[in-house]
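A.B. asks: Encoded as structure tokens, here's the structure I'll be asking about.
None of the figures in this text is laboratory data; all of them are computed from the coordinates on show. As the structure is a prediction and not an experimental result, all values here were calculated from the model.
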Amino acid sequence: GPNRKMSFGFTNKLNGIEGKTPFLIGVSGGTASGESTVCKRIMEKLGQVDMDHQECQVVSISQDSFYRDNHSNSSFSPHFLFKYILTIFIICPALFCFRIKNQITTIYPADVVLFEGILVFYFPNIRDLFHMKLFVDTDSDTRLARRVPRDIKERGRDLDYVLNQYMNFVKPAFEEFCLPTKKFADVIIPRGADNTVAIDLIVHHIWDILHLKKADTSAGQHPCIQLRRTS
Ligand code: ADP
Ligand code: MG
């Protein structure tokens with residue numbers, strides 16, 4: 001069954017409770033910066049694509065899944081749900097299902113979890129749980145140029161609506177809630193998915209951490225510390 005994975009675990013402390021967790025990577029950035037695309041590239045390079053979901057060692061979860069209404073990017077109301085689910089997931093990285101928008105989503109246990117979204121570094125208690133924090137830094141005009149056709153094509157919106165929503169909600173929310181969290185990132189990725197050098201470096205780092213951690217039987221040490229020692 002799915003529990004055969006998690007042959008190792010990273011220690012995390014949450015509200016005084018210590019638990020084993022997958023290697024957690026947070027990925028943030030503005031709308032249409034390419035967070036989802038960067039996660040996809042990382043998954044591909046770690047050989048996790050075209051695989052049965054139950055076999056994957058790496059999973060990618062989007063903050064978008066936790067919005068009540070997929071179309072209201074301006075609404076932050078579901079953040080309690082987001083917090084709640086992430087907390088459960090981290091304490092108990094077992095088979096994990098949640099019902100959202102009348103759909104049941106199942107996340108299988110994995111060794112590496114990528115969690116992406118504009119707010120993932122906003123709440124300090126969630127932010128502190130990540131073993132690695134990435135920020136996708138793409139110019140705002142590039143992001144707008146991507147968002148406009150996406151919203152028109154995929155969401156059936158008209159140009160006026162998309163631009164109004166962007167100027168009145170999306171842009172101010174980015175500046176207030178997302179951009180200030182850039183300083184918490186371990187790695188900033190300029191140009192997003194175009195930046196293959198950055199993505200390759202990150203993938204190698206994840207790969208090293210996972211393999212060193214597996215080889216290490218005296219668990220409990222942060223893999224990064226170990227990595228520095230051996231290099
Ligand atoms: P986010 O998850 O940050 O909102 P996505 O990864 O979904 O962003 O990308 C937003 C849109 O821009 C998508 O349509 C995607 O295909 C496109 N896109 C992302 N990165 C690039 C890139 N480097 N070059 C061209 N288009 C891109
Ligand atoms: Mg996305």
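A.B. asks: Can you pick out the pairs among K133/K153; K45/K183; K40/K171 whose Cα atoms lie more than 29 Å from each other?
C.D. replies: In this structure, K133/K153 lie more than 29 Å apart at Cα.
A.B. asks: Could you work out how much longer the chain between I188 and F123 gets when fully extended? Use 0.36 nm per residue separation minus the Cα distance between them, nm to one decimal. Walk me through the numbers before you get to the answer.
C.D. replies: On the way: separation 65, 0.36 × 65 = 23.40 nm, distance 1.89 nm.
Contour length minus Cα-Cα distance gives 21.5 nm.
A.B. asks: Calculate, in nm to one decimal, what L201 and D160 gain on full extension: separation in residues at 0.36 nm each, minus their alpha carbon distance. Write down the numbers at each step before the final one.
C.D. replies: Numbers: separation 41, 0.36 × 41 = 14.76 nm, distance 4.05 nm.
Extending this stretch completely gives an extra 10.7 nm.
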